[in-house]
Amino acid sequence: MSHPNPEGSTPPEQPSPLQPNPLQPSPLQPSPLQPEPPGPRVVHTDGDSKDGLVKCLRCGATEISLNVATGQLRCHFCRYEWQGEVGLANLGLDGDIGQLSGVVMGSGSVDIVPSTDEVLTFKCTACGAEVVIDTAHGTQARCHWCRNKLSMNQQVPNGAVPDVVLPFKLPKDAAVAKIREFVTKRKFFAHPRFTAEFNPENVMGVYLPYMVVDVNAHVTLTGQGEHQTRSYTVKQGDNHRRVYDADVYQVVRDFDLHVDDLTVESSSERLDQTAANSNNIINSIMPFDVENSVRYDSNYLAGFHSERRDSNIDQLTPIAHTQAGDIARHKANETLQFYDRGVRWDDEQVRVNGQRWVSAYLPVWLYSYHQTKSNGRTFLHYVAVNARTGETMGSVPINQAKLLGVSAVVQVVGTIAGIVVVLLGG
C-alpha cells in the first residue's frame, strides 16, 4: 500500500503486504496449460456424504448430538466422542486468496431451484419404513417404527444443506447469564411490561445461514487531501477568528486487497432490516471464527433450531462488494496521517478479480420479544449472543414516558446551571 509524499502530488508506491505470491499455486487454480472453464467453478463438498442412519463409530447407535463443552459429536448411549472433519481447508476452499480468479463456490452454495421439494421421503435402512423429512424445519427425523434417527447430509438445491457448520461453543446457561446481564443494565428505561415478562430461559440456540466470502480485488482511490501548514488569528472589528492555511495534494492509493472470511447473511428474513424488527442486531455480534468450521453433519444441529438459506449468490454479491469497498477505504485511511485536514475521494474503483463463496451455518443464542405498541404497531426485539465468543447485543423496549421525563429534568438542570454560570461570570 502506498504512503503519502508531502513533497509531491502523488505518493510513491511501495510493495503491498497483501500482494499475492506468484510462486504459491492454489489447488483450485486451473493449470496454465488448460483453458479456464466458463462460469463458476464448483467444489463438491458432499462427495461421500450419506443420507439415512449416521451411526456411532463405537456402538452403532444413532442418538448423536453436539457436546457443547468439547465441540465434538457425542453418542448418547456409549458416550463416545469424535471430531467432525475440519471444513474449509480439507474441502479445498481455503487456498491463497491472491490466486483467486472468477467465481469459486462450494456445492452447497449453488443457486436454489424453486421447484425443489422441501418435504423429502427417505427409506430407513434399519427397518425399511419410509420416513419424511421437512427440510424447511430441519434435516433429521425419527423413524416411527424402529425409533432410529435418520439424517439428511447430501445436498439438494433448496438451500437446506450448507457446505460447513460452525458448532456451538458457548453453553446455554452462559448465554442466559449474558442476556440477563445485558437487560439488567437497561432495566431503568425498559418498558415495565417487558420487565415483567422478561425470561431469559426462553433463549433458543439457532444456526443462522451465512455465506462466507473471500475476495481478491484491486483498489484504486483518487482524490484530494489537505495538509495544514499554519494557523493564526485575525481581527475583524471587535471580533477575532481563527484562520487555517493548508496545502492541497492530489492523492492516489493503488493496492491489492484480499478479504478473508467476510460473512454475509443468506436469509431474506434476516436481510430484511426494516422498521418492524431489530435484525441489524445480528451483525453487531461479529466476527465468527469460521476457520474452525467443520464439514456439514446433521448431528451438529440436533437440539438446535436452524434457518434455511433462501438467497442466491447473485443477490448477495452487491452486499459483499459494498463491504469490500468499505474495507478498502478503511485500509487506505491507515496511510493518510499526513493529510491532517482530511481526504476527499473523487473516484473509487474496486475491481474484483476473484471471489470464493461457501455456505455455512453459524451459531447464535437468540432471545426475542414481540412488542405491541399503543398505536397498534408491532416491533420484534432481539437480544443475540455469539455462541462462539459470547459477544452480546440487543434491543430492549423503551419506557417513553420515563425517558421523556428524565430528559426534561436534565434539560431544566442544564438550563439552570447555564444561567448560574452567566450570572457568576457577569
Measure out, as a whole number of angstrom, how far apart the alpha-carbon centroids of the range 202-250 and the range 74-95 sit.
-> 45
Checking the range 294-342 for trypsin sites (Lys or Arg not before Pro) in a loop per DSSP with at most 16 other beta-carbon atoms within 10 Å yields 341
Would you mind putting 368-376, 151-159, 243-251 in packing order, based on average other-beta-carbon counts within 10 Å, highest first?
-> 151-159, 243-251, 368-376
Total charge of the residues flanking residue 365 in space, meaning their Cβ is under 15 Å from its Cβ, with Lys and Arg +1 and Asp and Glu -1, is 0
Find, among the GluC sites (Glu not before Pro) in the range 295-365, those assigned to loop by DSSP (not H, G, I, E, B) with at most 11 other beta-carbon atoms within 10 angstrom.
-> 334
Net charge, residue 265 excluded, C-beta distance under 12 Å - Lys, Arg +1, Asp, Glu -1 | -2
Around residue 198, with a cut-off of 12 angstrom between Cβ atoms, what is the net charge of the other residues, counting Lys and Arg +1 and Asp and Glu -1?
-> +2
Tell me which lysines have Cα within less than 25 Å of residue 55's Cα, excluding those fewer than 8 residues away on the same chain?
-> 123, 149, 169
Given the options 170, 120, 53, which has the most mean-square fluctuation in a GNM of the chain, springs set between C-alpha atoms less than 10 angstrom apart?
-> 120
Counting only protein heavy atoms, what percent of the accessible surface of the chain is carbon or sulfur at a 1.4 Å probe?
-> 52
Expressed per residue, the solvent accessible area of the chain in Å² (1.4 Å probe) is about 52
Along the range 282-292, Karplus-curve 3J(HN,Hα) (6.51, -1.76, 1.60; θ = phi - 60°) to the nearest Hz, with x for Gly and Pro, reads 4, 5, 7, 9, 5, x, 10, 7, 5, 5, 9
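The values are calculated or read from the model by the stated rules, or taken from the named source; none is laboratory data. The structure presented is a predicted model; accordingly, all values stated were derived computationally and were not measured. Cβ: placed from backbone, ideal geometry, glycine included. Neighbour counts: every protein chain shown. Remember, those area values only see protein heavy atoms, side chains included, never the ligands or the DNA or RNA. Shrake-Rupley method; radii C 1.70, N 1.55, O 1.52, S 1.80 Å.
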